[in-house]
Amino acid sequence: MNHLRMFSYTARDKNGAKRSGTVEAADIHSAARKIRAMALYIIKLKEESLPAFLQKNRLTPISMNPHRTSMFHAFSNLGQKDAVFFFQQLETLFAAGVPIHEALAAITKVPQASAYTRMIEGIYRKVLLGAPLSEALRTYPKVFSETSVYLVRSGEQSGSLDTILKNLAAFLARDHEAHERMKSIMLYPMALLIITMLSVTFMTIFVLPTMASMLRDMNVPLPLPTELLLTGFAFITGHLTSAAFLVAALFLFAVSLMKTPRTRQEIDRLLLHIPIFGKLRLYAAWRIILETLSVLIASGMTFADALNMVRKATKNLALQYLLDNAYHEVSKGNRLSLVLGKSPLFPALLTSMIAAGETSGEMEQMMKRAADFCGVTATNLSTRIEALAEPIMMLFIGGIIFFFILSVILPLLGTMDALT
């Protein structure tokens with residue numbers, strides 16, 4: 001593989017203003033053609049060596065800091081919000097005609113260094129060394145998901161990276177906003193649940209045993225809620241080692257099952273059939289798949305190739321299997337609507353929309369409309385879940401508090417009856 005070389009230039013535009021910058025090209029002649037294509041008159045053009053270019057941008061080569069990447073991964077607290085911010089910045093600069101390496105360099109030039117800028121510097125260095133952007137992003141799996149990396153690679157291969165970046169920034173922003181909104185809604189009920197469980201544990205350890213002992217001394221039978229609470233606590237404390245071993249064994253067994261593709265596929269299929277939550281996951285996944293297909297088809301890619309490329313745009317193995325089967329069937333000449341329409345994982349309305357696109361020859365537009373429909377449906381389901389989440393949690397916590405109050409009050413009443 002021939003890597004592109006870096007060339008710096010000084011030139012003037014049609015108004016006589018001096019401009020300077022860098023371009024990537026295979027040789028100096030290709031670099032000159034790129035600069036002239038920007039309607040610039042070249043004054044000076046020379047190749048930049050990688051160390052000199054890195055020094056000019058105040059970066060150090062990777063080989064000079066061999067432990068920096070591992071230390072960065074160990075202590076950084078970067079997450080999805082940083083991926084959203086990165087793609088929004090990169091999409092804005094790339095849409096303005098700034099090459100990828102210059103856009104990355106611009107992002108790193110901030111007054112104060114941070115974990116985020118160090119991550120961008122790492123991506124920048126890999127791109128300068130000839131790695132594709134998707135491969136550079138793969139270095140930071142906690143920030144950039146496999147789906148994000150795959151979509152960026154799809155844009156690189158199809159020549160539609162600008163559109164992919166724009167869509168990806170919007171995807172991640174909506175997903176991050178939904179997660180943050182759900183966390184805000186669940187914060188109060190979860191805090192109340194933790195406080196309730198701590199209170200129940202404290203009372204079970206220090207209060208109820210004393211009351212139970214008093215009732216037994218007075219030959220008063222324990223109320224059923226109190227008996228259940230004390231029996232459960234005694235069982236857990238008496239078999240703590242066995243319980244911990246059983247939990248660990250079940251966890252390891254579940255992890256080993258999840259590594260089996262067939263089991264993972266069935267679990268993913270079941271997750272999509274959970275009431276409300278399953279539909280939300282299903283429509284959110286199809287929104288990304290269909291919108292990506294629309295972008296790839298618009299870039300001139302054949303429909304079969306677009307299906308082949310979009311197969312891993314979702315983490316759900318059941319949908320991946322469905323897309324893989326669709327790719328093979330479409331490659332044989334079968335219609336996509338007929339293939340997907342046979343699966344319960346593809347909504348019937350979407351089947352009708354895809355069939356209409358195949359008949360009219362406007363698959364790109366129909367894919368986009370189908371993706372918009374999935375987006376609206378996912379938003380409505382998310383709103384419904386948000387409305388139901390807090391009342392359900394409060395009802396659950398109320399049940400725990402009610403059971404605990406019965407466990408305490410009934411022994412008190414029994415004590416009072418025994419004394420009278």
Is it the case that ALA103 is open to solvent by less than 30 Å² (accessible area, probe 1.4 Å) and more than 18 Å from the chain's Cα centre (by Cα)?
-> yes
Which residue, of SER184, SER199, SER154, is open to solvent by less than 50 Å² (accessible area, probe 1.4 Å) and among the hydroxyl-bearing types (Ser, Thr, Tyr)?
-> SER154
Of residues in region 202-227 being assigned to a helix (DSSP H, G or I) and open to solvent by 100 Å² or more (accessible area, probe 1.4 Å), the one farthest from LEU412 (Cα to Cα) = PHE202
What number of residues within region 278-306 are open to solvent by 70 Å² or more (accessible area, probe 1.4 Å) and modelled with pLDDT under 85?
-> 2
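So is GLU358 modelled with pLDDT of 85 or more and in a helix (DSSP H, G or I) or not?
Numbers: modelled with pLDDT of 85 or more: yes; in a helix (DSSP H, G or I): yes.
In short, yes.
Inside region 248-265, can you point out the residues that are free of Cβ contacts under 8 Å to residues at least 12 places away in the same chain and open to solvent by less than 100 Å² (accessible area, probe 1.4 Å)?
Applying the first criterion (free of Cβ contacts under 8 Å to residues at least 12 places away in the same chain) to region 248-265 yields 248-260, 262-263.
Listed by number, the residues that qualify are ALA248, ALA249, ALA254, VAL255, SER256, LEU257, MET258, THR260, THR263.
Among the candidates ILE274, ILE267, which residue alone is of a type in the set (Val, Ile, Thr) and not in a helix (DSSP H, G or I)? Show your work before the answer.
Working: ILE267 fails: not in a helix (DSSP H, G or I).
Result: ILE274 is the single residue among ILE274, ILE267 that is of a type in the set (Val, Ile, Thr) and not in a helix (DSSP H, G or I).
State yes or no: is LYS259 under 20 Å from the mean Cα position of the chain (by Cα), charged (D, E, K, R) and over 30 Å from LYS368 (Cβ atoms)? Give the steps one after another, and end with the answer.
Numbers: under 20 Å from the mean Cα position of the chain (by Cα): yes; charged (D, E, K, R): yes; over 30 Å from LYS368 (Cβ atoms): yes.
Answer is yes for this residue.
I'd like the full set of residues that are among the hydroxyl-bearing types (Ser, Thr, Tyr) and either part of a helix (DSSP H, G or I) or without any contact (Cβ under 8 Å) to a residue 60 or more places away in the chain (or both), limited to region 296-316.
Taking region 296-316 first, the residues among the hydroxyl-bearing types (Ser, Thr, Tyr) are 299, 302, 314.
Selection gives THR302 alone.
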Given the conditions (1) within 29 Å of PRO391 (Cα to Cα); (2) aromatic (Phe, Trp, Tyr); (3) free of Cβ contacts under 8 Å to residues at least 24 places away in the same chain, which single one is not true for TYR188?
-> (3)
Long-range neighbours under 8 Å by Cβ, at least six apart or interchain, first residue closer than 20 Å to LYS312 by Cα and part of a loop (DSSP other than H, G, I, E, B) within region 323-349, second open to solvent by 50 Å² or more (accessible area, probe 1.4 Å) and modelled with pLDDT of 90 or more = LEU345/ARG269
Could you check how many residues of region 394-420 are among the aliphatic types (A, V, I, L, M), open to solvent by less than 30 Å² (accessible area, probe 1.4 Å) and modelled with pLDDT under 75?
-> 1
Output for Cβ contacts, cut-off 7 Å, separation at least six or different chains, first residue within 15 Å of ALA298 (Cα to Cα) and open to solvent by 60 Å² or more (accessible area, probe 1.4 Å) in region 358-372, second charged (D, E, K, R) and at pLDDT below 90, reads LYS368/GLU291
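Is one or more of the residues making up region 401-418 within 33 Å of the chain's Cα centre (by Cα) and among the acidic types (Asp, Glu)? Write out each step before concluding.
Applying the first criterion (within 33 Å of the chain's Cα centre (by Cα)) to region 401-418 yields none.
Among the residues of region 401-418, not one is within 33 Å of the chain's Cα centre (by Cα) and among the acidic types (Asp, Glu), which makes the answer no.
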Of (1) under 22 Å from PHE171 (Cβ atoms); (2) buried (at least 18 other Cβ atoms within 10 Å of the Cβ), LEU349 fails just (2)
Do you know which residues across region 106-130 are of a type outside the set (Ser, Thr, Tyr) and open to solvent by 30 Å² or more (accessible area, probe 1.4 Å)?
-> ALA106, LYS109, VAL110, PRO111, GLN112, ALA113, ARG118, GLU121, LYS126, LEU129
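The values are calculated or read from the model by the stated rules, or taken from the named source; none is laboratory data. Treat the numbers as computed from the prediction; the structure is a model and nothing was measured. Counting neighbours? That spans all protein chains shown, and the Cβs are built from the backbone with ideal geometry, glycine included. Accessible surface is based on the protein model in full, side chains and every heavy atom, while ligands, DNA and RNA are left aside. Shrake-Rupley method; radii C 1.70, N 1.55, O 1.52, S 1.80 Å.
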